[in-house]
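Q: Here it is, the structure in full.
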Amino acid sequence: MGRYYKFKVEAKNSVGYSAISNQIIILTAQTPGTPAPPTTTLVGDTIVVSWAQPDDGGTSISAYTILVA
């Protein structure tokens, strides 16, 4: 699962520091979304299984697992 990061900022000049900005919180990469149901196509004697790529959650998907029941 991703990790949360919090950011604030302030400015400084020769007189001193500004007030601190409001905080923002970001969530880094998360698990990918659920793929759409697969489709199959028969090409000769080969079954080609295809599906639409789900949202990657902020980092490239590195693998898929195809389950055959």
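Q: With contacts defined as alpha carbon pairs under 8 Å and 6 or more residues apart, what's the relative contact order of the chain in percent?
A: Details: 89 pairs, mean separation 18.1, N = 69.
That works out to 26 percent.
Q: Give me the net charge for the shell around ILE20: Cβ to Cβ below 13 angstrom, other residues only, Lys and Arg +1, Asp and Glu -1.
A: Details: positive: LYS6, LYS8, LYS12; negative: GLU10.
Taking every other residue near ILE20 into account, the sum is +2.
Q: Looking at [x] 6.7; [y] 7.9; [z] 4.1, which value of mean projected area of the Cα convex hull in nm² comes from a calculation on the structure shown?
A: [y]
No value in this document is a laboratory result; all are computed from the given coordinates. Predicted model only: the values in this text are computed from it and were never measured. Don't worry about glycine lacking a Cβ; one is built from the backbone with ideal geometry, like all the others, and counts go over all protein chains shown.
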